[in-house]
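The values are calculated or read from the model by the stated rules, or taken from the named source; none is laboratory data. These numbers were taken from a predicted model, which means no experiment stands behind them. We place every Cβ from the backbone using ideal geometry, glycine too, and count neighbours over all the protein chains shown.
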Amino acid sequence: LERPGYRIPAAMERWRGRVALVTGASVGIGAAIAVELVRFGMKVVGCARDVGKIQVCSEVKLSVCGVTKCKLTLSQ
């Protein structure tokens, strides 16, 4: 996740160590946001409909985070 010469913007320093919930974190913009937030030092909870995709995303891009499977259903 480190980039040579990359500095965390001062505006993001206040968020270091805080928790962010990112929906759609397995692909596209959601995955990119999750990666950047981890890079800024945040703890990211990523949500996605496809457990397999988010697990791959966690292993490849968010190596500092883990994945826990949760099945959410709507019941009445």
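Suppose we filter region 24-60 for residues that are exposed (fewer than 13 other Cβ atoms within 10 Å of the Cβ) and at pLDDT below 85; how many remain?
Total meeting the criteria: 5.
Which of the residues that make up region 32-50 are within 23 Å of residue 73 (Cα to Cα) and touching a helix residue (DSSP H, G or I) at 6+ places or on another chain (Cβ under 7 Å)?
Once the filter is applied, which keeps residues that are within 23 Å of residue 73 (Cα to Cα) and touching a helix residue (DSSP H, G or I) at 6+ places or on another chain (Cβ under 7 Å), region 32-50 yields 44, 46, 48.
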